1. Any idea which of 205, 280, 219 is furthest toward the positive side of the dipole for the range 204-302, if Lys and Arg beta-carbons carry +1 and Asp and Glu beta-carbons -1?
2. Cα extents of the range 7-95 along the three principal axes, largest first, in whole Å?
3. Filter the chain for me: DSSP H helices, axial length by Cα at least 30 angstrom, mean Kyte-Doolittle hydropathy not below -0.5. List them by residue number.
4. Take the Cα coordinates of the range 69-301, assign each an equal point scatterer, and use the Debye formula without solvent to give log10 I(q)/I(0) at q = 0.13 Å⁻¹.
5. Sort the range 49-194 into rounded, prolate or oblate with this rule: let a ≥ b ≥ c be the square roots of the eigenvalues of the Cα gyration tensor; rounded if a/c is under 1.5, and if a/c is not under 1.5, prolate when a/b is larger than b/c, oblate otherwise.
6. Measuring from label point to label point, each 7 Å out along Cα→Cβ, what is the residue 298 to residue 104 span in nm?
7. Give me the lysines in straight-line cross-link reach of residue 204: C-alpha distance below 27 Å, same-chain residues under 8 apart excluded.
8. How much length, in nm to one decimal, is gained on full extension between residue 200 and residue 144, taken as 0.36 nm per residue of separation minus their Cα-Cα distance?
Amino acid sequence: MPLAPARPQTFWSRHKRSLTPWLFLAPGLVMFLLYVLIPIVQSVWISFHDWDGLGEKVWIGIENYVELLDDDTFYVSLKNNVLWLLLYLLAIPGGLAVALFLNQTVFGIRLYKSLFFFPFVISQVVVGLMFTWFYAPDFGLFSALIEWLTGEQVAILADERFVTYGIIVAGLWPQTAYCMILYLTGLNNINPEQVEAARMDGAKGLKLLWHVILPQLAPASFIALVVTVIGSLRSFDLVSIMTAGGPYGSSQVLSYFMYEQALSEYGFRMGYGAAIAVVLFLIMMVFITVFIVRMLSQERNG
């Protein structure tokens, strides 16, 4: 019998293997395009306009950026963001230390893990309220401790010298818990054979941690570093709840400064707020790009 003619292959049958991953990625890519990339482009475009959010946009070029460079509040916010960035990085070694402590099989370790995990679960708003009461001069525990040690009370959130440090400490509490979770996950994936081999060779304590455990925790450290840097640069919730940028604007950060200029009851300067957002975005991109380039170079060299 004559053989039936072969059916022509369709476009899908020819490219099925290469198209299938993109079909699974398509929903996420569409969401990323609609809610990340397009808003970023729109923010950059708005930053070149004078706009109150309702009326007609007026093109003013780089005037918003020129005004920003002459704004003292911008430099205060930038300085506070740098301070947030430097001190917020303490959450990474803090989370590692807590994770190493909790990565043991002792009685009650699940209860300890729950207690250390608790700050990560609660809202930033709740954290802000708790630390506001904690610092309160009349009844706060911290104020009572300072009064017991020095004989006088200190209003942390009302003092321009200490207010930013007080808010950063409040932010470090849940951020350390988040880094702890990342490191606990990484510790569960450590190769026990390498640890045992290192111990047989006489490595222990800090030497074992530095040469054997930390290299295997590199992926967790990278994620913790990126998330901590981003969290420090967009520190809005705690500043809004605890001080609203006060006293006298001394605790301002770029994210709250942007909100105050664009969306608060004090003004609807959408173009000026967008310029602040663009500057904050560029700062974030510089740090994230440096981290990614460094990680890729380490992987190639490794």
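None of the figures in this text is laboratory data; all of them are computed from the coordinates on show. Predicted model only: the values in this text are computed from it and were never measured. Positions of Cβ are generated from backbone atoms using ideal geometry, with glycine treated the same way; all protein chains shown enter the neighbour counts.
1. 205
2. 73, 50, 20
3. Once both thresholds are applied, what remains is 163-188, 270-301.
4. -0.90
5. Note, shape of the range 49-194 comes out oblate.
6. For the pair residue 298/residue 104, the computed spacing is 2.7 nm.
7. Qualifying lysines at Cα under 27 Å: 113.
8. Stretched out fully, the residue 200 to residue 144 stretch lengthens by 15.1 nm.
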